[in-house]
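Take a look at the structure below.
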Amino acid sequence: MVTSAAMLKISDTVITDIETVGIDVSNGSHAHIQNSTVSRCKEGSVKCHSAANRVEVTRCKFVNNCHQSAMASPAVLVSAGVGNVIKECEITKTSGPGVSVTNGASCTIHKCILKGNPTAVQVTQRSHCNIRQCRMSELSIGVDALHNLSGEICMKDNTILSASRAEVLMTPQDAVPTMQGRLHKVKISDRTTRDDIKHHPTKVVSPRLKQQLPSVQKSSLSKKSVK
């Protein structure tokens with residue numbers, strides 16, 4: 001489903017087996033999607049991009065998407081707009097990230113379940129993301145902040161279970177995510193790509209130290225890293 005309408009409302013709908021993306025929001029559109037299921041779409045469930053205004057997604061299920069794509073596309077891509085919201089959704093078994101926020105966009109992810117995705121949430125290119133009360137499990141990386149640079153990530157009361165590579169991943173040049181409530185281990189990598197990290201050790205930063213010193217420069221923070 002592709003739209004350039006000023007307002008798109010989708011409710012109680014099932015979208016499945018689409019050759020591209022399930023719901024494509026662009027060109028100034030504002031989409032409100034609720035109580036719907038999108039599955040087995042080749043390029044993802046929802047794509048908010050190309051000067052889209054805003055997308056609000058509530059109580060939806062996104063399952064088994066992107067598995068036929070040559071690239072590991074996210075189930076939900078947010079690369080445009082401010083005030084985007086993903087709330088009370090289940091995002092499972094995607095070949096790429098559950099949610100990707102990029103290109104300076106902003107998004108709140110609230111009370112979502114992200115399970116069985118390689119990465120639960122990916123935030124890049126100076127984007128802003130507020131992640132609250134989400135549960136992430138059966139994954140490699142909880143929150144991937146590599147190359148988000150001066151973008152902002154705020155985390156509050158999330159649960160990240162059994163992340164095989166990192167609960168939170170970033171480079172020394174990235175802004176340190178702020179955390180409230182439950183704390184998570186942060187891995188800092190000097191490597192430039194995610195593939196490099198598979199083969200090289202990363203530095204693990206005490207999350208409590210990170211919380212106490214949120215404004216410290218990355219060079220200083222890396223010196224205080226613990227092995």
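The values are calculated or read from the model by the stated rules, or taken from the named source; none is laboratory data. Nothing here was measured: the structure is a model prediction, and the numbers come from that model. Neighbour counts are summed over all protein chains in view; Cβ atoms, including those assigned to glycine, are modelled from backbone coordinates with ideal geometry. When the accessible area is computed, the model is the full protein with side chains, heavy atoms only, and any ligands, DNA or RNA have been set aside. Shrake-Rupley method; radii C 1.70, N 1.55, O 1.52, S 1.80 Å.
General observations
- Rounded to the nearest 20 debye, dipole of region 136-176 from Cβ charges on Lys, Arg, Asp, Glu: 40
- Once the chain from residue 133 to residue 82 is taken as fully extended at 0.36 nm per residue, the excess over their C-alpha distance is 16.3 nm.
- Computed with a 1.4 Å probe over protein heavy atoms only, the accessible surface of region 115-164 comes to 39 Å² per residue.
- Here the alpha carbons of region 38-188 define both size measures, Rg and Dmax, at 13.6, 38 Å.
- Radius of gyration and maximum dimension Dmax of region 7-50, Cα, Å: 10.2, 27
- Accessible carbon and sulfur surface of region 67-119 relative to its total accessible area, %, 1.4 Å: 54
- Dimensionless Rg/Rh of region 8-93 - Kirkwood Rh, Rg from C-alpha atoms: 0.93
- Computed over region 58-112, Kirkwood Rh from alpha-carbon pairs, angstrom: 11.6
- In whole angstrom, region 135-183 maps to an equivalent ellipsoid with semi-axes of 18, 14, 7, each derived as √(5λ) from the alpha carbon gyration tensor and ordered largest first.
- Within region 1-85, GluC sites (Glu not before Pro) in DSSP loop having at most 16 other beta-carbon neighbours inside 10 Å: 19
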